[in-house]
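What follows is one structure encoded as structure tokens, with my remarks underneath.
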Amino acid sequence: MVITKSRLVLGATAVTLSTIAVTSLGIHSRGQALFKASPKELIDEVWQIVYRQYVDGTFNQVDWQAVRKEYLSKSYTNQEEAYKSIREMLKKLEDPYTRFMNPEEFKNMQVDTSGELTGIGITISQDEKTKQLVVIAPIEDTPAFKMGVIAKDVILEIDGKSTEGMDTNQAVSLIRGEAGTKVRLKILRNGQKKQFDITRARIEIHPVKCSEKQTPAGNLGYIRLNQFSANAAKEMKDAISKLETKNVSGYILDLRGNPGGLLFSSVDIARMWLDKGTIVSTIDRQGEQEREIAKGRALTTKPLVVLVDKGSASASEILSGALQDNKRATIVGTQTFGKGLVQSVRPLEDGSGLAVTIAKYHTPSGKDINKHGIDPDVKVDLTDAQRQDLWLKERDKLATLEDPQFAKAVEILGKQAAKNSKTTNKN
């Protein structure tokens, strides 16, 4: 992705260990900083950005003026001391998504948004209540995915180091590494501890896969969207266009395990399914809303079912919420992850960067995605064991009638086809 605009807004996922998901139109690229800010200037720059932009005008009940006084009254001899103070300062907000990135971390974030990744392929977040590091979802066909890491896994240790008190940046630094090297994760899942030795790899993500499915409901188009990366919208357009030439009678869009990605990608994809209506609105601390709307250019109006689960996060929730609220699709599966905050990423004068929560997402009907997520129209639960069997051990059953969520989607599309047929006959 070419990174050219004045800022980057992110929030379509939390933090990925191979990528950080971004959700708007770009980031200002300063290249090499024109000058290196002094430690106190850097601290004050971060403080000022939070002061002007943070979503909560009370700063989560923190006296932000007193925080500035506290940290500017200290003496600093180098940038590393300033970085430590900035992290401490932001921690007072108790917002895992507002975070500081040193120059190396910030550079990695900018490079990673291109979709060329090196890592193990999981998206993580810090639980706002427990402060534990939690897996949102593994990216499909990555090392973590193949080893059996799943959504909602709690990361207890990284290479023997406890994650207690660790933020996502620190976790990323420990888990990142050269392709071919290994990282050991200790995971807590449903009260049981598990250990995974995962080999890091270069990961090339192709976000969209599509195929025709011959089913009892007729010839259906199946589209699997793994992540809202920079080229996801183009690949989605190509997939729909291809399937339209096959005269499919309806579509199943699979967002299960999709941790999110670029906001503009989710909006562009929503417009491919919607002719009119609001897609998403963002609300800042003044209560001002910015709405993204459909522009009358839907590529198809055929019946649509969307599959979601607890690993469907942020941009996935924006898309499924838009299609649900506009009555364009039936949502099938389980409650989604619940990440609905907007972060703005700003470059700082010394080449470091800051992500600050500036707004929250609402679905077209006004539902707050954050923490709760999207409730499916038709609930079809899978146990963790069932999901692992389906996605890892018996992949040939995925998106077949032996996949319970897919089978329900086929059933729904069959009923819609029958209903449409009766209506046509009456006319």
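Structure values in brief
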read-out: So residue 153, is it surrounded by 20 or more Cβ atoms within 10 Å (Cβ to Cβ), modelled with pLDDT of 85 or more, charged (D, E, K, R) and in contact with a strand residue (DSSP E or B) (Cβ under 7 Å, 6 or more places away or on another chain); value: yes
read-out: Top-ranked residue of region 137-148 - restricted to ones that are touching a Ser or Thr at 6+ places or on another chain (Cβ under 9 Å) and assigned to a loop (DSSP other than H, G, I, E, B), ranked as modelled with the highest pLDDT; value: 142
read-out: Pair list, Cβ under 9 Å, 6 or more apart: region 59-84 residue without any contact (Cβ under 8 Å) to a residue 40 or more places away in the chain, other residue among the β-branched types (Val, Ile, Thr) and part of a loop (DSSP other than H, G, I, E, B); value: 64/58
read-out: Given (1) hydroxyl-bearing (Ser, Thr, Tyr); (2) closer than 23 Å to residue 229 by Cβ; (3) modelled with pLDDT of 95 or more, index of the condition residue 168 fails; value: (3)
read-out: Only listed residue being among the basic types (Lys, Arg) and crowded, with 24+ Cβ neighbours inside 10 Å, chosen from 328, 271, 285, 256; value: 256
read-out: Any hit, region 359-373, residues being within 28 Å of residue 192 (Cα to Cα), of a type in the set (S, T, N, Q) and assigned to a helix (DSSP H, G or I); value: no
read-out: In region 63-79, the residues that are at pLDDT 95 or above and not in a loop (DSSP other than H, G, I, E, B); value: 64, 65, 66, 67, 68, 69, 70, 71, 72
read-out: Looking only at region 86-136, and only at residues there that are of a type in the set (Gly, Ala, Ser) and under 21 Å from residue 157 (Cβ atoms), the one that is modelled with the lowest pLDDT; value: 125
read-out: Some residue of region 298-312 being within 30 Å of residue 47 (Cα to Cα), touching a Gly at 6+ places or on another chain (Cβ under 8 Å) and assigned by TED's automatic domain parsing to the domain that holds residue 220; value: no
read-out: Identity of the residue in region 331-360, within 25 Å of residue 384 (Cβ to Cβ) and touching a Ser or Thr at 6+ places or on another chain (Cβ under 8 Å), that ends up surrounded by the most Cβ atoms within 10 Å (Cβ to Cβ); value: 337
read-out: Residue ranges of strands (runs of 3 or more DSSP E) in region 191-243 with at least 2 members under 15 Å from residue 254 (Cα atoms); value: 208-215, 218-225
read-out: Filtered residue count, region 281-311, keeping only those that are touching an Asp or Glu at 6+ places or on another chain (Cβ under 6 Å), at pLDDT below 95 and part of a strand (DSSP E or B); value: 1
read-out: Qualifying residue in region 372-390 (condition: modelled with pLDDT of 90 or more and of a type in the set (Gly, Ala, Ser)); value: yes
read-out: Total residues in region 37-53, condition in contact with a helix residue (DSSP H, G or I) (Cβ under 8 Å, 6 or more places away or on another chain) and not hydrophobic (A, V, I, L, M, F, W, C); value: 4
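Every residue, every condition in (1) modelled with pLDDT under 95; (2) over 25 Å from residue 373 (Cβ atoms); (3) hydroxyl-bearing (Ser, Thr, Tyr), yes or no:
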site: 213; (1), (2), (3): no, yes, no
site: 226; (1), (2), (3): yes, no, no
site: 239; (1), (2), (3): no, yes, no
site: 252; (1), (2), (3): no, no, no
site: 255; (1), (2), (3): no, no, no
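The values are calculated or read from the model by the stated rules, or taken from the named source; none is laboratory data. Note that the structure is predicted; figures quoted are calculated from it, not measured. Don't worry about glycine lacking a Cβ; one is built from the backbone with ideal geometry, like all the others, and counts go over all protein chains shown.
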